[in-house]
Amino acid sequence: MKAAAPEREVDRSVSQTVKAQLALRDQILSGSLRPGERISELQAVETTGASRTPVRMALVRLEEEGLLEAIPSGGFMVKAFSERDISDSIELRGTLEGLAARFAAERGVSARELEPLKECLAAIDELLRQVPISIEAFSSYVTLNARFHALLTELSRSPPLVRQIDRASALPFASPSGFVMAQSALPEAQQILIIGQEHHRVVIDAIENREGARAEAVMREHARLAVRNLRLALRNRTHLDLLPALALIKTATD
């Protein structure tokens, strides 16, 4: 019975770490903390309301995610990213998702297991019928797209692969919907979503027909669509309010 108290303390510390990590990540990606800006442990304690040990762990985790860089003299600094950094992260995520799709196709998936993905497809189709697509619809797309990718990953039946995809998706700007909101202001927006939706449709077809190589190739190509979104977003920085974190990305002309 005496072990309950230490366990509660551990749970509380973990919860505070996650809370601090999310709060600090939001400050970085919202533009409140700028590239090159230093974050001290004390400053993080004040802004998150967490105690020092959870804050210290949160800062280390954000360094592991790539959002922060440790300073030799102490503390951390908000990192800036090159376009190549982001492209490489997206390519890594696409390679792993391609492997997940291949595993799903080769290991076999039942019609019942595919039903949730097809429901996502139908919901996205409904959004794409809007002309033009509203900001609210883009927000709904982000949620549906994230669900589609998560469901697809689970179909691999490979817990180690799922963990690696989660880690890759947590890299800055590498998630499947990383640039969707910035993309929403672009004239090419609807066309890009339609292409992405066709990728979704084809990968389901490939999995149903147990075509592993085709499923893998489609998901790798699907990730490269995010690289296209990145380049379009960087060329149209006038809508930084939709994705303030674009300020963290440096191009060759910066």
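The values are calculated or read from the model by the stated rules, or taken from the named source; none is laboratory data. This structure is a prediction, so every number in the text was calculated from the model and none was measured. We place every Cβ from the backbone using ideal geometry, glycine too, and count neighbours over all the protein chains shown. For the accessible areas, the whole protein counts, side chains as well, though only heavy atoms, and no ligand, DNA or RNA atoms are used. Shrake-Rupley method; radii C 1.70, N 1.55, O 1.52, S 1.80 Å.
Annotations for the structure displayed:
- Among the conditions (1) modelled with pLDDT under 80; (2) within 12 Å of Gly94 (Cα to Cα); (3) of a type in the set (Gly, Ala, Ser), the only one that Ala217 does not satisfy is (1).
- Considering residues of segment 48-61 that are at pLDDT below 90 and buried (at least 16 other Cβ atoms within 10 Å of the Cβ) only, the residue nearest to the chain's Cα centre (by Cα): Arg61
- Flag for Arg107 being surrounded by fewer than 18 Cβ atoms within 10 Å (Cβ to Cβ) and either touching a residue at least 12 places away in the same chain (Cβ under 8 Å) or touching a strand residue (DSSP E or B) at 6+ places or on another chain (Cβ under 9 Å) (or both): yes
- Output for segment 5-19, where each listed residue is open to solvent by 60 Å² or more (accessible area, probe 1.4 Å) and either modelled with pLDDT under 75 or not in a helix (DSSP H, G or I) (or both): Pro6, Glu7, Arg8, Glu9, Val10, Asp11, Arg12, Val14
- Among the conditions (1) modelled with pLDDT under 85; (2) part of a helix (DSSP H, G or I); (3) over 19 Å from the mean Cα position of the chain (by Cα), the only one that Ile28 does not satisfy is (3).
- Consider segment 51-100 and keep the residues that are of a type in the set (Ser, Thr, Tyr) and part of a loop (DSSP other than H, G, I, E, B). The one that is farthest from Arg163 (Cα to Cα) is Ser73.
- Segment 115-158, subset of a type in the set (Val, Ile, Thr) and surrounded by 14 or more Cβ atoms within 10 Å (Cβ to Cβ), residue nearest to Gly94 (Cα to Cα): Thr153
- Glu69 vs. criteria touching a helix residue (DSSP H, G or I) at 6+ places or on another chain (Cβ under 8 Å), of a type in the set (Asp, Glu) and either loosely packed, with under 14 Cβ neighbours inside 10 Å or farther than 30 Å from Glu198 by Cα (or both): yes
- Total residues in segment 55-105, condition among the aromatic types (Phe, Trp, Tyr) and out of contact with any Asp or Glu (no Cβ under 7 Å at 6 or more places or on another chain): 2
- Filtered residue count, segment 180-196, keeping only those that are modelled with pLDDT of 85 or more and crowded, with 19+ Cβ neighbours inside 10 Å: 2
- Residue match in segment 86-94 (condition: touching a Pro at 6+ places or on another chain (Cβ under 6 Å), at pLDDT below 95 and either among the charged types (D, E, K, R) or farther than 20 Å from Leu225 by Cβ (or both)): no
- When residues of segment 78-104 are limited to those that are of a type outside the set (Asp, Glu) and open to solvent by 60 Å² or more (accessible area, probe 1.4 Å), the one farthest from Leu42 (Cα to Cα): Arg102
- Matching residues, segment 20-30, being buried (at least 16 other Cβ atoms within 10 Å of the Cβ) and over 13 Å from Gly75 (Cβ atoms): Ala20, Gln21, Ala23, Arg25, Gln27, Ile28, Leu29
- Where Arg112 falls short, out of the listed (1) within 26 Å of Glu208 (Cβ to Cβ); (2) buried (at least 20 other Cβ atoms within 10 Å of the Cβ): (2)
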